[in-house]
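Okay, structure first, notes after.
The values are calculated or read from the model by the stated rules, or taken from the named source; none is laboratory data. Everything numeric here is computed off the predicted structure, so don't read it as measured data. Here the Cβ positions follow ideal geometry from the backbone for every residue, glycine too, while neighbour counts run over all protein chains shown. Areas reflect the complete protein model, heavy atoms only, side chains present, ligands, DNA and RNA absent. Shrake-Rupley method; radii C 1.70, N 1.55, O 1.52, S 1.80 Å.
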Amino acid sequence: MRTIAEINQKIADQRVKVLTVEELKARVAVVGSTQAAQEVDVITTGTFEPMESSGAIINLGHTDPPIKIRRCWLDGVPAYSGFGAVDLYLGATQAVEAVDGEEAREKGGGHVISDLIAGLPIQLRALGQVTDCYPRASFETTITRDTINQFYLFNPRNLYQNFIVGVNGGDRPLYTYLGPLQPRLSNAVYSNPGALSPLFNDPNLQTIGIGTRIFLGGGIGYVAWEGTQHFPLQKRLPNDTPIGPAATLALIGDAKQMDARWVRGCYFKSYGPSLMLGVGVPIPVLNEEVVVHCAVQDNDLVAPIVDFSIPRRVRPTFGLVSYAQLKSGRIMIEGKPVRAAPLASLFLSRQIAITLKQWIEAGKFTLTEPVARIPKERSFLPQDIWGAQVALE
């Protein structure tokens with residue numbers, strides 16, 4: 001029906017027809033998928049949710065005399081320095097180190113990344129390995145995004161195609177990556193925005209691949225690779241959507257172009273720091289099948305209810321629940337009503353889809369052809385049988 005080159009020409013001519021994914025779903029309900037596919041060129045999706053497998057590559061530039069950094073802290077948060085002399089990787093979930101017995105603050109790598117994007121000053125302290133070509137032993141300074149060379153996000157695992165619903169069937173509160181789970185099934189927490197979410201609307205990754213241009217943190221980013229824990233072989237419904245965690249993507253983008261509104265450090269009580277990140281993915285309407293998949297509703301999407309009170313990799317579940325039920329704010333578990341709340345911001349997810357739509361309509365954002373497909377055959381390998389537990393003294 002269309003090619004990406006033809007769509008990009010329409011974008012250049014500012015005659016492209018773009019709908020957010022919610023607008024597309026409403027349009028299909030009125031005119032059907034065939035007519036909607038004829039009318040629409042691009043569909044925009046969005047999500048704003050915790051994405052803890054994220055981080056930033058930073059190149060500081062060389063000092064005089066030069067230093068080969070082997071330990072480094074940014075506002076008290078350790079950064080990895082085991083490669084180039086002044087290259088760092090700051091993980092979003094890396095926690096601030098306690099100093100002189102001070103209790104660890106509720107701060108981590110995600111907060112430092114967000115502060116750098118916002119243009120705030122960051123205190124840097126570095127220790128070096130002294131060599132003939134790198135004679136400096138230590139270095140302290142203040143950096144901002146404008147005083148460093150490269151500063152880009154490289155996120156090994158973002159955009160889970162689906163995730164779980166966390167509950168707690170035990171008798172004490174649990175503090176998890178989904179936030180606090182109250183005992184005796186007193187609340188349920190989910191993190192995926194459902195029918196708004198990018199990969200739910202392209203369940204077979206037909207239009208999304210390596211090299212796909214996206215909205216990332218308020219700037220332009222790209223799909224770099226499959227994400228870690230990519231598991232496209234997850235069981236699926238007849239509409240091709242997975243019933244649990246499935247495909248993931250690794251993303252990359254220039255953090256100097258980003259907006260701290262869409263990249264926010266966060267902290268989960270008694271669990272640790274993380275990062276709230278906004279991602280938007282355009283879906284080109286290349287054929288009617290694209291529209292059929294994007295027409296999926298929250299009633300058609302499910303997630304497993306997982307009991308975190310069992311401390312095992314494979315935990316018991318209370319079955320599947322639809323995203324429509326989750327978004328109603330209350331689900332039923334074994335005949336008991338349970339309050340449900342999202343970690344994802346549905347409002348900001350919508351705003352990302354709207355912003356991306358506006359960029360495309362204004363000719364500021366064009367689409368890219370993937371240079372390679374995301375693999376569809378990936379098994380999920382646990383470590384159950386590969387090693388023994390080691391006692392830590």
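Among 70, 125, which is the only one that is in contact with an Asp or Glu (Cβ under 7 Å, 6 or more places away or on another chain) and either assigned to a strand (DSSP E or B) or touching a residue at least 40 places away in the same chain (Cβ under 8 Å) (or both)?
On the way: 70 fails: in contact with an Asp or Glu (Cβ under 7 Å, 6 or more places away or on another chain).
Testing whether each residue is in contact with an Asp or Glu (Cβ under 7 Å, 6 or more places away or on another chain) and either assigned to a strand (DSSP E or B) or touching a residue at least 40 places away in the same chain (Cβ under 8 Å) (or both) leaves just 125.
Among the candidates 249, 199, 233, which residue alone is more than 24 Å from residue 92 (Cα to Cα) and among the aliphatic types (A, V, I, L, M)? Full working, then the answer.
Values: 249 fails: more than 24 Å from residue 92 (Cα to Cα); 199 fails: more than 24 Å from residue 92 (Cα to Cα).
Going through 249, 199, 233 in turn, the sole match is 233.
Here is a yes/no grid of residues against (1) part of a strand (DSSP E or B); (2) open to solvent by 30 Å² or more (accessible area, probe 1.4 Å); (3) touching a helix residue (DSSP H, G or I) at 6+ places or on another chain (Cβ under 9 Å); (4) in contact (Cβ under 8 Å) with a residue 24 or more places away in the chain:
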position: 291; (1), (2), (3), (4): no, no, yes, yes
position: 296; (1), (2), (3), (4): no, no, yes, yes
position: 299; (1), (2), (3), (4): no, yes, yes, yes
position: 305; (1), (2), (3), (4): yes, no, no, yes
position: 309; (1), (2), (3), (4): no, yes, no, yes
position: 314; (1), (2), (3), (4): no, yes, no, no
position: 318; (1), (2), (3), (4): yes, yes, no, yes
position: 321; (1), (2), (3), (4): yes, no, no, yes
position: 325; (1), (2), (3), (4): no, yes, yes, no
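Select from region 73-102 the residues that are assigned to a loop (DSSP other than H, G, I, E, B), surrounded by 15 or more Cβ atoms within 10 Å (Cβ to Cβ) and among the β-branched types (Val, Ile, Thr) and list them in ascending order.
So the first thing to find is which residues in region 73-102 are assigned to a loop (DSSP other than H, G, I, E, B), and the list is 75-76, 81-86, 92-94, 96-102.
Right, trim to surrounded by 15 or more Cβ atoms within 10 Å (Cβ to Cβ) and you get 75-76, 81, 85-86, 92-94, 96.
Once the filter is applied, which keeps residues that are assigned to a loop (DSSP other than H, G, I, E, B), surrounded by 15 or more Cβ atoms within 10 Å (Cβ to Cβ) and among the β-branched types (Val, Ile, Thr), region 73-102 yields 86, 93, 96.
Out of curiosity, is residue 34 more than 30 Å from residue 266 (Cα to Cα), more than 28 Å from the chain's Cα centre (by Cα), assigned to a helix (DSSP H, G or I) and modelled with pLDDT of 95 or more? Step through it out loud before you land on a result.
Numbers: more than 30 Å from residue 266 (Cα to Cα): yes; more than 28 Å from the chain's Cα centre (by Cα): yes; assigned to a helix (DSSP H, G or I): yes; modelled with pLDDT of 95 or more: yes.
Taking the combined requirement at face value, the residue satisfies it.
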When only residues in region 226-248 that are farther than 17 Å from residue 305 by Cβ and among the charged types (D, E, K, R) count, which is surrounded by the fewest Cβ atoms within 10 Å (Cβ to Cβ)? 240
Suppose the filter is in contact with a Ser or Thr (Cβ under 8 Å, 6 or more places away or on another chain), at positive phi and not basic (Lys, Arg); does residue 159 pass it? yes
Checking the structure you have, find out if any residue of region 106-117 is assigned to a loop (DSSP other than H, G, I, E, B), modelled with pLDDT under 95 and within 15 Å of residue 76 (Cα to Cα). yes
Whether any residue in region 355-368 is among the charged types (D, E, K, R), open to solvent by 20 Å² or more (accessible area, probe 1.4 Å), within 25 Å of residue 167 (Cβ to Cβ) and part of a helix (DSSP H, G or I) is what I want to check. no
All positions within region 58-67 that are touching a residue at least 60 places away in the same chain (Cβ under 8 Å) and either more than 11 Å from residue 148 (Cα to Cα) or open to solvent by 40 Å² or more (accessible area, probe 1.4 Å) (or both): 63, 65, 66, 67
Of all residues being over 17 Å from residue 358 (Cβ atoms) and more than 27 Å from the chain's Cα centre (by Cα) in region 1-12, which is least open to solvent (accessible area, probe 1.4 Å)? Just the residue, please. 2
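Yes or no: residue 92 at pLDDT 95 or above and farther than 20 Å from residue 128 by Cα? Steps first, answer last, please.
Details: at pLDDT 95 or above: yes; farther than 20 Å from residue 128 by Cα: yes.
When the stated conditions are applied, residue 92 passes them.
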Those residues of region 147-190 which are within 24 Å of residue 332 (Cβ to Cβ), open to solvent by 10 Å² or more (accessible area, probe 1.4 Å) and assigned to a loop (DSSP other than H, G, I, E, B) amount to 163, 164, 169, 170, 171, 172, 173, 182, 183, 184, 185, 186
Search result, residues across region 196-223 that are open to solvent by 10 Å² or more (accessible area, probe 1.4 Å) and more than 18 Å from residue 286 (Cβ to Cβ): 218, 220, 222
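Residues are listed down the side, and each one gets a yes or a no for (1) of a type in the set (A, V, I, L, M, F, W, C); (2) over 25 Å from the mean Cα position of the chain (by Cα):
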residue: 28; (1), (2): yes, yes
residue: 43; (1), (2): yes, no
residue: 51; (1), (2): yes, no
residue: 65; (1), (2): no, yes
residue: 68; (1), (2): no, yes
residue: 78; (1), (2): no, no
residue: 90; (1), (2): yes, no
residue: 106; (1), (2): no, no
residue: 110; (1), (2): no, no
Residue pairs meeting the criteria (Cβ under 7 Å; at least 6 apart or on separate chains; first at positive phi, in region 184-200; second open to solvent by 10 Å² or more (accessible area, probe 1.4 Å) and not in a loop (DSSP other than H, G, I, E, B)): 185/336; 194/298; 194/327
